[in-house]
Structure formats: C-alpha cells, structure tokens
1. Cα-based Rg (one decimal) and Dmax (whole number) for region 1-155, in Å?
2. Which number comes out as Rg/Rh for region 682-778 once both Rg and the Kirkwood Rh are worked out on C-alpha atoms?
3. Excluding residue 427 itself, what net charge comes from residues whose Cβ is under 14 Å from its Cβ, given Lys and Arg +1 and Asp and Glu -1?
4. Please give the contour-minus-distance gain from residue 296 to residue 83: 0.36 nm per residue of separation, less the Cα-Cα distance, rounded to one decimal in nm.
5. State, as an integer percentage, the relative contact order of region 576-731 based on alpha-carbon contacts under 8 Å between residues 6 or more apart.
6. Run the numbers on the chain and let me know its relative contact order in percent, using alpha-carbon pairs under 8 Å that are six or more apart.
7. Treating only the Cβ of Lys, Arg, Asp and Glu as charged (+1, +1, -1, -1), what charge dipole size does region 1-82 show about its Cα centre? Round to the nearest 20 debye.
8. Going by average Cβ density within 10 Å per residue, which order do the peptides 712-720, 304-312 take, highest to lowest?
Amino acid sequence: MDHRTKILVRGIVQGVGFRPFIYNLAKSLDLKGYVINSSGGVTVEIEGENSPVFIDRLPKEAPPLSQIMSIDVVPMEYHGYQDFQIMESEDEGSFTLISSDVSICGDCLREMLDNNDRRHLYPFINCTNCGPRYTITRSIPYDRPNTTMSVFNMCPDCQGEYYNPGDRRFHAQPNACPVCGPQVQLIVKNEKRGSQVKTIISNPPIPPLAKGGKGGFVQSRSPIKETIRLLKQGFIVAIKGLGGFHIACDATNEDAVKRLRLKKRKSNKPFGLMAPDIETIRKFCEVSGEEEKVLVSNKRPIVLLNKIKNNLPEDISPKNPCIGFMLPYTPLHYLLFYYPMDEAKNNTGNPPLPPFIKVGTSGIANFDALVMTSGNISEEPIVIDNNEAVSKLSDIADAFLVHNRDIFMRVDDSVVRLMSNTASLSFIRRSRGYVPDPVQLHDDGPEVLGCGADIKNIFTLTKGSFAIPSQHIGDMENYETLQFFEESLKNLKAVYRVKPEALAYDLHPMYLSTQWALRQDNIKKIPVQHHYAHVASVMAEKGLKDKVIGISFDGTGYGTDGNLWGGEILIADIKGFRRAGHFKYIPLPGGEGAVKEPWRIAVSYIKAIAGDETIHYLKSINFIDKYGEDRIQDILKIAGNRQFSPLSSGAGRLFDAVSALIGLCDRNTFEGEAAIALESITRPDVADDYPVDIKFRDTMEIDFSHTFLRIIDDLQRKEDKGIISSRFHNTIVTVIVRVTEKLSSLNSIKDIVLCGGVFQNIYLLERTIARLQSIGMTVHTHDKVPANDAGISLGQAYIIRERLKAGIE
C-alpha cells in the first residue's frame, strides 16, 4: 500500500511499555515507520499492507497498565520507510498523562527470589510492567533523563536489556541492577550516642548525612538482614519506600506497637499494616473476594477490613472495628518478609515463592505483619529525604533503612474501603497507585485550579478534557504542609504544562488554602461555597451539569450566612445552588473545643431541647457525675455566647453528639473518631428509627429534638447501644428520603448526589442508596475521589471551569 498512516495515542501511554508494544506489533505485521514519545502522548507512523490490522489491534492488545483516552488516525503521503524504529523522544510543548507508580510484578518477584538470577535479592528490580513512575518523574516526556534515575548509568547488561525489543525491560526507564543501580544502607543509632554520623560502607555512596541531631549513628554491612533482625527484636525502623518513608515495627509485638504509638501518635488513629500475603491477613480480618482483588491489584492500597479476632495489639487500631491492611508493593517490602535469614538455605536453594504469585508453595515469612505508618512527625508531610529523615524522625526511629534513589514527588499510601452490597470502591485517601490518574471531564475546557479545603487537602488542576487531582497533601495546619502544597502544585503545573487562568477557593476566611489563594497575583479568584463544591465534585465525576438534589453531609464548612454548615440539602447545577434545607442550628460550646470534646455538643443539644430542665436531663444520663456540675455550668454559659460558640448545622457534629450521649466516645483524638465508634456498633437486623421533626418551608429545617429525647429514654431503659446506634442511623436515612422525595416532586429532579465525609459511613451510605433507588431516584456517589474534604477541589475546579466556558460570572 503506497500510503502512510499517522496515529496519535493520548492517555496514560508513557511509562507503561507502550512503545515496546507498538514496536513489536508493527514488526510482527511487517510494517515500516516509527514510534515516538512526545509531550502529547505517543505518535506512530506506519506504512504497509497490514496497517488496518495494526489500527484494529492497537487498542485491543495495548499493555495492561496503559489507559487509552483517544486515538487519532490521519492518512498521509507515502514516505518510504525502510524499517520500524523507536525514535528519540520529542518535547512539543503539549502534555501527556503520567502513569501512577506500579507494584512489583510476578516476573520481577520470581527473578528477585531466584538464586541464579543476576538480580537475586536486589531491592530495586523493575521492568516495563512495574516499578516507580510518578514518584521519580521530573518532567515529560517520560524518559530516563527526565527521572531521578538519570544519575545511574546503566551497565552493559542493563543496556542490552534496555535496547532489546524481545526483552521485558525494553525501554524500561528505571532499569537497574546491583552493579549499576541504587543501593540500600541501614543506619543504626550508636549506643555511645556521639554527635557524628559515621559512614563505614558506601557502595555506591549515599549523599552524606547531616551532622548533629539526637545522637550518633553507624551503618550496617547487611542492611536488609539487619533491619529484619532489629524489627524482630522490637525496634522501630524508618524505611525509605516509593513515595516517602514508612515507620515500621513488628505488628505482633505489643511493646513495640505501644512504644511507636507513644512516640509518634498522641491519638487513637489506627496504624496501617502490611502483611506478606492474603492468607496471613485472613488470620486477623474478614477478606471478601472483591477486597482480595483490590489488595492484590497493582495499585496496592491500604484496604479497611473488618476485624475477626483480637489477636493483634489493641494499640494497632484502638476501639475500632477495622484494620487497614496492604500487601507489599516494592521489591524491598517483599525482601523484609522473605529475605533468607538462614545462610545455608540461601546457598543451597531458592526460598519458596510467596502465595501472591500463585506458584509453588507458601514460604514462611519473617513476619505475620508489620506496622507501616507514614514517616512524618505529627501533621507534617511524609519525609522523603535521607538527611531529613534522620533529623526529624530520630526521636521515633531506632534505625533508618535508606537508599540513594531520590523521590521527586512525595506520595502517601492510598486508603480505600469497599461497600459490602455492591463492592464499589470508596476512597478514604487517594494517593499512591491512583495519582496522578485523571478524572475525565468529557469535553475540553479552560485551565483552572481548585485549591481545596484545609482538612485532607488535595488540589485539582484541569487541562484539556481532564481534571488532575493531586496526591494527598494533608491538613493545612502548618508551614511545612503549605510548602508541600506549593511544591506539588509547582511540579504538577510544570509536568502537565498548566497555566491556570482562574482559581477557586473556599469561603472560610481562616483556611490557609483560602489565604494562600487570595495572595496570588495575576489570576482570577473565585470563591466557591464548601458544600456546593462537595456536590459539584460528584457532578464532575459523573459528567452532570443540570440540576441535582445534593445531600452534602460533613462536620464543618463555612456557610454564606457566616455560620458553620454541614447538614445541607442543596439544589445545584453548574450555574449555582439554592439551600433547600439544613439541620437545625446548634451552638458549639467553645468552637473547636466542642469538636474535640463532643460531649459538649450533646450538652448543647439537650439545652436546646430542655431549657431550664437541662440539668435534670443531664443527671438522668450521668453527665453531671461524669463531667462535674461546675464544668457543665461553664459549658452551658459558653453555649449562649456566639463569640465562643458558633452556630453549626453539621451532620458530623450530630453523629459526634450521639456517640458521646450514649457513652461511646466523648473525645475525638482524630477526625471522625466518635462517628466511627457509633457506626461500629450498628446492627443490620434493626429496621426501626426515631421520630424527627422536618419543617417543610422554603428552606426546610430538620430538628432532631425528638430523636434526642427518645435516645435518652432508651438509655434510661438500658437499651442495647447497638440498637440505639442503628435506630439513629436509620433516622438519618429516613430524613434524607423524606426530604428528597418532597424536593423531587416540587422540582422534577431525579438525580440525587450523596457527598461529604459523613457518607464514608458505609452503613448509612448503603441504606440511603437502597431507599432512594426504591422510590425511583438515580443516585450518584463518588468513585474517583474521596467523599470527604479531599474531594472539594475537584468540585471547585469543575464549577469555575464550566462557568468560564459558559461565560457565567
């Protein structure tokens, strides 16, 4: 055929083995031409009779890690290529999507555990099907010179693999081996606690560690083996991973876990665990078939699982029905579990393969589980630098397992939960493995920035037809997190060539993200109300632009009236929103103090109901004995002072109050603790609910006074707390259904959006969806970003992007 065909493939097509796939497909069909990485994607030119076959097979047989968003095919004049080549990458000034980081594949794992392989026990083994991507990418196109691997020159053997079209490492950018690649070192605290860091081995050298700090250190000659020995003896080790440091200890060692909690956490927030295989996880938790699929996927998130046995230390997940487990996702992780500690066995045969690969028999792992919690000090970003780790984490860790492959983009582990009745994925934290995967917005639009909220901050950029949410930034409570925000924003803007023409920010004047936004020059700044952004975030995921009924339930968001909203029913589209209903306002005695001590909110609810009889009611539920009458009187006085007790309609605050009221959790040591405790005791066999007063007027008001009175009655009758919790949850479901049914009838709207952090409550979410669907509603929820405040920025960006497109001010 005397013509040429040009093909442009867009999507996640770099760093996923796409060029080698194209090369081998073209060669197998005897086509001539070339394939090249460009800043716009992958460009292919082909000549030959089998060109139509190539075009047909390309999307069907593309590498499993790729995500093709579009394929443009353009006929061209014949050129006369003599062969098919992979050309040097070009930077055309456009952009392409970057692959997220990928867990180690079965082939690399087999090689790493094979005594006869040249990468035996090498902790940085990778290929085109696995390994680091986003965390090492400095710029596009995705080629080795544009990654943190650029400082490692490939040895002849690695070069041979890299340029061999028949090799699995053909154009694998992080390709390396023990001869030419990164190395690990273990730095252990010196018992003499001198003032210097002593380097006794360097092969190749890791950049020198900073002097000073909390004592001296020496380096081990057998880093991984010594790390395992330390962990077995109950020591705490900071381990440099893919997107930052973990702080690790043996999860079955009660003293080690308790010591880690005392050193790192002053709260009851659960630790994440890593286990060697699914069967080991099943010793401790229920694992459904769908949960297993997520655990073994190449994303390797932490999955929240229901406990079945109390055979792990309570300090892992205090007073919590779930444990977050993940499987190893880097070669180094697998070596911690399967590194041969018996030298004789190491020299005479291969260690058995972990059951994850479904080959051979299960090996005996070094640990049942390791705590692998984020390597940071309280409320600061995860640490990525060796010097910084020794400087900041020395009060926590006894040793540091470090390496000399730099991390360019710091990324925490993702956390997910599955709905039991649909197996739908619900994000708690969207980060490693899922970032920077885009959310497709169905059509092109202007480039904008959504700055997000202050809790669980994520920002979102838009480019072309994509929204690109950042990794988990964290709570914007300090300068270090703000620096991380700015660092990540700068990096993603550069990588994706985004120049926002407008930014969106939250209304709350005290948010650091808002204050940062207002300081930016030469850009249009648009405020977006918090709960409207929650609703719009789901609309962005689902491609909705017309009116929806948004049920936006969370703890706190700044309202247009200056009060703290949170139990909101909105009618919204891309043009704006109307507040159609809300929970009745209640004072929060002491403001932030009430959020941390939700028994105060329970007192406030009872005061609003009982008035002069408040003390009588509080005595009946033992609040006076528990907290003291003087303290109660102080709270009652503060509750009447708006300067110290802002009004709140927050659904999250209601859940907190009920949790404290029935004696489950009266202090939030981390966000959502009281509500999690309340959900944890729900019972699926309870179908009844409590009375509630819904005032149907222009702006509906939902009053839970009768609900509280009935709960108090149940407490006095010593009703089972699980039944009380279930009835309360069922009451919230009933409220949503009654309000939605009324608004749907009045406004002819069938699309219902459920959003906000309260809907991370699976009991509530599943029952609400089922009830709404039973009355003919179409229910939309998140499946690409979290329902909590981490989803805010996507909604902000979507609103201003669509308004700019439509010319709406």
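The values are calculated or read from the model by the stated rules, or taken from the named source; none is laboratory data. On a predicted model such as this, the values are computed, not experimentally measured, just so you know. Cβ: placed from backbone, ideal geometry, glycine included. Neighbour counts: every protein chain shown. Only protein heavy atoms, including side chains, enter the accessible area calculation; ligands, DNA and RNA are left aside. Shrake-Rupley method; radii C 1.70, N 1.55, O 1.52, S 1.80 Å.
1. 16.9, 54
2. 0.99
3. On the way: positive: 299, 417, 429, 430, 432, 456, 784; negative: 412, 413, 437, 541, 783, 789.
Here the count lands on +1.
4. Working: separation 213, 0.36 × 213 = 76.68 nm, distance 4.03 nm.
So the chain would gain 72.6 nm between residue 296 and residue 83.
5. Over region 576-731, the number comes to 28 percent.
6. Working: 1829 pairs, mean separation 86.8, N = 809.
The normalised contact order for the chain reaches 11 percent.
7. On the way: 8 positive and 9 negative charges, 63 e Å.
Dipole of region 1-82, to the nearest 20 debye: 300 debye.
8. Top of the packing list down: 304-312, 712-720.
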